[in-house]
Amino acid sequence: MNDLVKPSESGLSGQLQEAVAQLMHEMSQPITALRCCLDVALLRQQSAEEYREIITQAIMQVERLAGYTLTLREIAASQPDSEARAAANFSHF
């Protein structure tokens, strides 16, 4: 992902670069939490209730990431560059 997003080389304004960098930093926490949830699930056999809790926590982190993705899409859509707008219109959700 680091190779995909290099705000300093994309022509973004300083303020926009900071916003994108902050958002990328914010995304690292739910990714780490999601990884932790899944690692815990694999450590030992869990009860059905424990698996349910782990899955619930993982879904919450995915929802956070989806929100950040929408914000990034909005940022890209606001850019005058047609390539950025085209990328923003592409949706996996």
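For region 35-93, filtering for residues that are at pLDDT 80 or above, in a helix (DSSP H, G or I) and basic (Lys, Arg) leaves 4.
Kindly indicate whether Leu38 is farther than 28 Å from Ser78 by Cβ and either without any contact (Cβ under 8 Å) to a residue 12 or more places away in the chain or touching a helix residue (DSSP H, G or I) at 6+ places or on another chain (Cβ under 6 Å) (or both). Criteria not met by Leu38. Pull out all pairs, ordered by first then second residue, where Cβ-Cβ is under 7 Å, the residues are six or more apart or on different chains, the first lies in region 41-69 and is surrounded by 12 or more Cβ atoms within 10 Å (Cβ to Cβ), and the second is small (Gly, Ala, Ser) and in a helix (DSSP H, G or I). Every condition considered, the pairs that remain are Tyr51/Ala41; Ile54/Ala41; Gln61/Ala33. Annotation: of all residues in region 9-34 being more than 20 Å from Ala66 (Cβ to Cβ) and of a type outside the set (A, V, I, L, M), the one that is modelled with the highest pLDDT is Glu18.
The values are calculated or read from the model by the stated rules, or taken from the named source; none is laboratory data. None of these values were measured; they are calculated from a predicted model. Cβ: placed from backbone, ideal geometry, glycine included. Neighbour counts: every protein chain shown.
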